[in-house]
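S.K.: If you scroll down you'll find the structure; I have some questions about it.
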Amino acid sequence: MGHPGAQELLRTPGPARLAYTGGDEFPRVIPMGFHWDGERLVVCTAPTAPKVSALAARPHVALTIDTDEAPFKALLIRGVAEVEVVNGVAPEYIAASAKSDGRPVVGDVRGAGSWRVQADGQDLDYAAMGAVLRLRRRPPTGLPARAARN
């Protein structure tokens with residue numbers, strides 16, 4: 001994660017693509033805003049989202065952050081998601097939102113269930129995003145050395 005190319009991708013405003021196993025045991029890949037805190041990659045969602053219960057049961061995930069223009073670049077991460085439900089709006093969600101759309105957050109949102117951002121003189125309301133998914137990087141165990149690198 002300390003490689004300059006990885007650091008560049010971790011600062012991009014675009015989404016990451018999170019892969020996990022759904023409750024029906026079929027794979028899912030979903031785009032999500034993300035926040036890099038210097039140690040962990042954090043994505044946030046509503047506590048009632050199906051992915052929260054799916055990740056609590058099966059926390060192994062894969063995630064990619066990539067570019068869509070040549071020369072193409074991609075950061076691929078495998079690890080274990082730690083699910084934490086917080087009261088109100090997760091600060092990491094606010095950070096990821098500000099990074100992705102560049103709009104300033106209006107008002108104090110700590111402990112709030114929703115907040116607003118300012119866009120061209122209009123307030124846009126956001127719903128609570130109180131489930132925090134922190135990705136701890138860890139390659140799967142029990143795989144041959146070559147498979148663990150892929």
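The values are calculated or read from the model by the stated rules, or taken from the named source; none is laboratory data. Note that this is a predicted model, so its numbers are computed, not measured. Cβ sites come from the backbone with ideal geometry, for glycine too, and all protein chains shown count toward neighbours.
S.K.: Give the number of residues within the range 78-104 that are in a strand (DSSP E or B) and surrounded by 19 or more Cβ atoms within 10 Å (Cβ to Cβ).
M.R.: 2
S.K.: Also, I was wondering about something else. Considering only residues that are touching a residue at least 40 places away in the same chain (Cβ under 8 Å) and either acidic (Asp, Glu) or not in a loop (DSSP other than H, G, I, E, B) (or both), which ones fall in the range 17-50?
M.R.: 17, 18, 19, 20, 35, 37, 41, 42, 43, 44, 45 - these are the residues of the range 17-50 that are touching a residue at least 40 places away in the same chain (Cβ under 8 Å) and either acidic (Asp, Glu) or not in a loop (DSSP other than H, G, I, E, B) (or both).
S.K.: For residue 101, are the conditions met, namely being within 24 Å of residue 6 (Cβ to Cβ) and modelled with pLDDT under 80?
M.R.: yes
S.K.: A further question follows. In the range 1-16, which residues are part of a strand (DSSP E or B) and more than 23 Å from residue 86 (Cβ to Cβ)?
M.R.: Across the range 1-16, there are no qualifying residues.
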